[in-house]
Amino acid sequence: MKIPKLLFRLCTTVENLFTTALVSMAFYITTPIGITTDTLKLPKGSITNTINHLQNSGVKLSKIDIYLLATLGQPKHGELDIGIGIINRIDFLDKLTTASEAIQIITLIPGETRPIFLEDIAKRYKLDYKRLDSYYNQFSNYKEAGIIPDTYHVPKGIKEEKIISFLVELSEKKYEKLAKKHLKRYDKKEWLKYLTIASIVQKESANSEEMPIVASVVYNRLKIDMALQMDGTLNYGKYSHTKVTPKRIKTDKSGFNTYANKGLPPYPVCSVSIDAIEAAIKPATTKYLYFMRNEDGVHDFTDSYKEHLNNINRVKRARN
C-alpha cells in the first residue's frame with residue numbers, strides 16, 4: 001500500500017507546485033508598470049530585441065516577458081500610442097501588439113502663407129523653423145503654395161526633413177492629377193502661373209462661388225495691361241495677417257505690390273485651395289474690371305469705374 005500513498009503525496013506536491021506557479025504567474029502578470037510618456041518608439045525586429053529596447057529605455061521588464069509577448073503576438077514598430085499612467089504588465093505587453101501608430105494632425109488653411117504655416121508647425125511640435133524652411137526650399141517646386149491646404153495625419157516624432165518631404169510629395173501628386181484633369185499635362189512653369197493667379201483669387205474672394213468671377217477680373221486687367229491693384233497681393237509671407245494701409249501701399253517696394261507694378265506677382269501669395277485653382281484655370285466670362293466688398297461681406301462687381309466709385313461710397317456711408 002506504500003505505492004498509492006507515495007503517488008498521492010507526489011500528486012499533491014505537483015498540484016501544490018502548479019498552484020503556486022499559477023498564483024505566482026497571476027501576480028507577475030498583474031504587477032503594475034508605470035508609463036511616463038503617452039507614446040513609445042519601438043524598433044523593427046524580434047521580440048527579444050523589443051524587450052531589450054524597452055529595458056534599456058527604463059521599462060522594468062524581464063526575460064519572462066519575452067515568452068509572454070510571444071504568446072500575444074508580434075510587437076509593432078514605430079511610434080505607438082500607449083497612454084500615460086499605471087497599467088498592468090499583461091495589458092502593457094498586449095498593447096505592444098495592438099496599439100495604433102501615434103499621429104499628430106497638421107492643418108494648412110487656404111490662404112495661409114508658408115512662413116506662418118511653418119512657424120506654427122515649429123512651435124506646435126517643437127521643431128526647428130529654419131530646418132523646415134530649408135527643406136521646403138529643397139523639395140518644393142514653388143516658393144509659395146508648394147503645400148496644398150488640407151488636414152494631414154503624420155506620425156508623432158517625425159523630423160523636419162520627413163515632414164516637409166511628405167507634405168510636398170503628397171501636394172505634388174494632387175497638383176499633377178489636377179493639372180492633367182484640366183490641362184492634359186503638368187508643366188511646372190505653366191502651373192506656377194495658375195497657382196499665382198489662384199493665390200490672388202484665394203486672398204480676394206469672399207467665398208468659393210465668387211472665385212471664378214474674381215479670376216475673370218484678374219484676366220481682364222492683365223489683358224488690357226491694367227495694374228491689378230489688389231490688397232491681397234500685399235498679404236504675402238510674414239504679412240499674411242497684416243492690414244493693408246495706404247502707407248503700406250506706398251512703401252512696399254516688392255514685386256507683390258500690384259498697385260506699383262503691372263502684371264502678376266513673382267510667385268504665389270499664399271496656399272491655394274482646389275476651388276481657387278480651378279477658378280484660375282476656368283474663370284467666368286465677364287467684362288468686370290472692379291469689385292468692392294459690400295455690407296453683406298460679398299463683392300459687387302462692375303466694368304464701370306463710375307459705378308465702382310458709387311459702390312465704394314455706398315459702403316463708406318453704411319459704415320458711418
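Every number in this text was worked out from the coordinates using simple rules, so none of it is lab data. Source: prediction; values computed, not measured. So basically every Cβ, Gly included, is an ideal-geometry build from the backbone, and we count neighbours across all protein chains shown.
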Practice item. With +1 on each Lys and Arg Cβ and -1 on each Asp and Glu Cβ, and nothing else charged, work out how big the dipole of the stretch 205-253 is about its Cα centre, in Debye to the nearest 20. Key: 380 debye
**Study point:** Cα Rg, Dmax, the stretch 126-241, angstrom units
**Key:** 16.2, 52
Review point. P(r) of the stretch 184-319 in 5 Å steps, Cα pairs, percent per bin?
Key: 2, 11, 19, 23, 23, 14, 6, 1, 1, 0
Practice item. Under 19 Å Cα to Cα from residue 247, which aspartates and glutamates show up? Leave out anything in the same chain fewer than 8 places away. Key: 231
Study note, to complete from the structure: re the chain: pairs of Cα atoms spaced beyond 30 Å account for a percent value of 55 percent
Exercise for review: Starting from 0 in steps of 5 Å, tell me what percent of the Cα-Cα pairs of the stretch 103-180 lands in each bin.
Suggested key: 3, 16, 29, 30, 15, 5, 2, 0
Revision key, fill the gap. Dividing the helical contributions, -39500 (n - 2.57) per DSSP H run of n ≥ 4, by the residues of the chain yields a 222 nm value, nearest 500 deg cm²/dmol, of -16500 deg cm²/dmol
Exercise for review: Take the cross-link list 123/238; 177/287; 41/162; 44/174 and give me the ones stretching past 21 Å between alpha-carbons.
Suggested key: 177/287; 44/174
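Report the GluC sites (Glu not before Pro) located in the stretch 137-221 that are in a DSSP loop and have at most 13 other Cβ atoms inside 10 Å of their Cβ, or state none.
Values: sites: 144, 160, 161, 169, 172, 176, 190, 204, 209, 210; in loops: 144, 209, 210.
Filter output for the stretch 137-221: 209.
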Practice item. Decide, for the stretch 132-173, between rounded, prolate and oblate: order the square roots of the alpha carbon gyration tensor eigenvalues as a ≥ b ≥ c, take rounded if a/c falls under 1.5, and otherwise choose prolate if a/b is larger than b/c, else oblate. Key: oblate
Check your understanding: Taking the stretch 23-98 as the region of interest, what is the percent of Cα-Cα pairs per 5 angstrom bin, listed from the shortest bin to the one with the maximum distance?
Key -> 3, 16, 29, 31, 15, 4, 1
